[in-house]
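Student: Please see the structure below; I have some questions.
The values are calculated or read from the model by the stated rules, or taken from the named source; none is laboratory data. Note that this is a predicted model, so its numbers are computed, not measured. Please note: Cβ atoms are built from the backbone with ideal geometry, for glycine as well, and neighbour counts cover all protein chains shown.
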């Protein structure tokens with residue numbers, strides 16, 4: 001069965017303090033690894049899709065990377081508006097996404 | 001361009017009752033999925049609908065059922081509600097295969 005584990009569960013950063021979130025996965029036949037951002041009371045908002053080891057995607061202060069066993073979401077010089085829960089998900093057979101538990105990020109000014 | 005819309009936004013029900021949640025997909029999308037998100041956890045897949053048929057189902061009991069209409073909108077029905085069914089129910093839609101899912105803001109269901 002597909003499994004996704006995210007760490008840490010929570011992260012407190014000072015504004016400008018760069019850090020990385022980890023997403024470890026076990027899946028048979030990866031068809032895509034997805035990163036989403038979720039604000040309180042809202043649905044997940046799509047950030048990136050990665051398909052193969054070595055692939056990288058960037059958007060503003062966020063950069064996602066992928067290996068055969070894990071993905072990292074790097075947050076460079078974060079701002080308070082980057083505070084959110086970041087969710088990682090994998091897609092294998094079929095079309096369902098299997099999500100990790102998320103990392104809650106709080107960026108203090 | 002409207003995204004995925006869900007109604008109602010909040011709902012309070014009593015144990016044993018039945019509930020229906022509604023979803024309109026993003027314009028141009030024809031595939032709808034439903035997810036359950038308990039507090040502090042990641043979303044869990046319930047099922048997916050395409051061409052008005054259930055195509056894939058997660059590990060949820062038969063109390064959870066759904067429907068997709070010809071205009072691609074969808075309903076999630078939950079019978080015999082349990083306290084443990086309290087959660088945020090998310091609807092997501094997509095177009096062509098392997099395109100990313102777009103989520104609505106969910107329906108917060110509280111079972112008392």
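Student: Can you tell me which condition residue A:68 does not meet? The list is (1) in a loop (DSSP other than H, G, I, E, B); (2) at pLDDT 95 or above; (3) away from chain B (no Cβ under 12 Å), and all the others hold.
Tutor: For residue A:68, the exception is condition (2).
Student: Within region A:33-57, restricting attention to residues that are assigned to a strand (DSSP E or B), without any contact (Cβ under 8 Å) to a residue 12 or more places away in the chain and within 14 Å of chain B (Cβ to nearest Cβ), which residue is nearest to residue B:42 (Cα to Cα)?
Tutor: The selected residue is A:45.
Student: Just one of the numbered conditions (1) without any contact (Cβ under 8 Å) to a residue 60 or more places away in the chain; (2) within 13 Å of chain B (Cβ to nearest Cβ) is not true of residue A:60; which one?
Tutor: All conditions are met except number (2).
Student: Looking at region B:64-112 only, could you name the residues that are more than 14 Å from chain A (Cβ to nearest Cβ) and closer than 15 Å to residue B:28 by Cβ?
Tutor: B:71, B:72, B:73
Student: For residue B:40, are the conditions met, namely being modelled with pLDDT under 95, within 11 Å of another protein chain (Cβ to nearest Cβ), under 13 Å from residue B:90 (Cβ atoms) and surrounded by fewer than 18 Cβ atoms within 10 Å (Cβ to Cβ)?
Tutor: Numbers: modelled with pLDDT under 95: yes; within 11 Å of another protein chain (Cβ to nearest Cβ): yes; under 13 Å from residue B:90 (Cβ atoms): no; surrounded by fewer than 18 Cβ atoms within 10 Å (Cβ to Cβ): yes.
Spelling it out, it is not the case that residue B:40 is modelled with pLDDT under 95, within 11 Å of another protein chain (Cβ to nearest Cβ), under 13 Å from residue B:90 (Cβ atoms) and surrounded by fewer than 18 Cβ atoms within 10 Å (Cβ to Cβ).
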